[in-house]
1. Considering only the stretch 153-163, I want to know if a residue exists there that is closer than 25 Å to V76 by Cβ, touching a helix residue (DSSP H, G or I) at 6+ places or on another chain (Cβ under 9 Å), without any contact (Cβ under 8 Å) to a residue 60 or more places away in the chain and assigned to a helix (DSSP H, G or I).
2. Are there any pairs, at least 6 apart or on different chains, whose C-beta atoms fall under 8 Å, with the first in the stretch 105-134 and more than 26 Å from F204 (Cβ to Cβ) and the second of a type outside the set (F, W, Y) and in a loop (DSSP other than H, G, I, E, B), and if so, which?
3. Determine whether E110 is assigned to a helix (DSSP H, G or I) and either open to solvent by 20 Å² or more (accessible area, probe 1.4 Å) or within 25 Å of R6 (Cα to Cα) (or both).
4. Scan the stretch 213-225 and give yes if some residue there is among the aliphatic types (A, V, I, L, M) and more than 22 Å from R253 (Cβ to Cβ), otherwise no.
5. Could you check the stretch 252-268 and list, in sequence order, the residues that are within 21 Å of the chain's Cα centre (by Cα) and hydrophobic (A, V, I, L, M, F, W, C)?
Amino acid sequence: MAAPRRDTRGIVDAPGLFTRVRFRRRAPAAPLRPYVEHYWLIDWDLSEPYATHVVPHPCVNVVFQRYADRPGFGEVAGVGLELFAQKLAGRGRVCGVQFRPGGFRPFTPERPATDWTDRRLPLAAAFGPTDAAAAVLEPADEDARVAALDACLTPLLRAGPRVLAQAELAMGLADRIRTDRTIRRVADFARAEGLSVRALQRLFAGYVGVSPKWVLLRYRVHEALERAASGAAMDWAALAAELGYSDQAHLVRDVTATVGVSPTAYVR
C-alpha cells in the first residue's frame, strides 16, 4: 500500500500550524486500508493560543480529542460544508481517522452518509457506548495509539456484500473526480461511467454524504489553494481554465466563498 499522502490540501497556513504542533499521518491496519485514507495525529504544548483552519475534504472523520480544559472524547465529524476552525491552547492531543470519500458507510451500513454531513456527533451516536477515547488518547507511545485505533475500528467493519460493493464504487468514482482533471461536468462523468445523473447523485448521497458536483468543486478549491500556498507566481486565469472553470471570476467566487477571502488575499 502507498504511504499516507504528504500534501497539505485543505490545511490553511500549513507552515504556521506545523511550527506550533507535532503533526503526522500513519497508515491503518491492512483490513482497514480500503476504507481509511490515513490516521492523523496531532500533539501540542502552546504558550499562546492558536486557531487552526481547515477546508474539509469530502469525507467523514472519526476524531478522538483531549484538550487542557476537558477530558478526552470521541466524535464523528461528517463532511464539513464550511471552513472549519479550532482553537488550540495549552496542551492537547488529537488522534483522527480520515476515511476515504465513501469509506465510512461500511462501518455504519444502516445509515446513509448524509446522516453525518455537516454534523459533529458523539461517537456513541454511531457505535453505541464505548470507552475507546481513553484507549486511543492515553498511551504516550505513538505506535500504541495507532494500534488502539486499529483495535477500535476493525470490529466495526460489519457491512454486507451489497454495501461493500456500493462503497467500493463510490470510493472509486470519488477518487476519479479527485485525480482526473478532465472531469468537468457531472452529466458527462455519469455518462462515461454508465450511470444516470440521478443514480450517481443517489450513490454519493448514500455513501459520500454530498453531491458529485460538490465533490468536484471542493477538489478544485483544494487544488487552487494548494497552488496559491506554494509561493509560485500565480496566473489565476490559466489556473481557472486548467481546473475547468468557464472564467477566472468563477474560481475567485468559489475560493472566496470557501475561505472567506479572495485568492490574492489568501496568498498574502
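The values are calculated or read from the model by the stated rules, or taken from the named source; none is laboratory data. Since the structure is predicted, the reported quantities are computational estimates derived from the model, not experimental observations. As a convention, Cβ positions derive from the backbone with ideal geometry for all residues, glycine included, and neighbour counts pool all protein chains shown. The protein model used for the area step is the full one, side chains on, heavy atoms only, and it has no ligands, DNA or RNA in it. Shrake-Rupley method; radii C 1.70, N 1.55, O 1.52, S 1.80 Å.
1. Yes, some residue in the stretch 153-163 is closer than 25 Å to V76 by Cβ, touching a helix residue (DSSP H, G or I) at 6+ places or on another chain (Cβ under 9 Å), without any contact (Cβ under 8 Å) to a residue 60 or more places away in the chain and assigned to a helix (DSSP H, G or I).
2. A124/T130; T130/L123; A132/L123; A133/L123
3. No.
4. Of the residues in the stretch 213-225, the ones among the aliphatic types (A, V, I, L, M) are 215-217, 221, 224-225.
Still in the list and also more than 22 Å from R253 (Cβ to Cβ): none.
No.
5. Passing the criteria: V255, A257, V259.
Yes/no matrix, rows are residues, columns are (1) farther than 20 Å from V55 by Cα; (2) open to solvent by 60 Å² or more (accessible area, probe 1.4 Å); (3) touching a Leu at 6+ places or on another chain (Cβ under 8 Å):
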{"site": "V208", "(1), (2), (3)": "no, no, no"}
{"site": "L216", "(1), (2), (3)": "no, no, no"}
{"site": "H222", "(1), (2), (3)": "no, no, no"}
{"site": "L225", "(1), (2), (3)": "no, no, no"}
{"site": "D235", "(1), (2), (3)": "yes, yes, no"}
{"site": "S246", "(1), (2), (3)": "yes, yes, no"}
{"site": "H250", "(1), (2), (3)": "no, yes, no"}
{"site": "R253", "(1), (2), (3)": "no, yes, no"}
{"site": "V259", "(1), (2), (3)": "no, no, yes"}
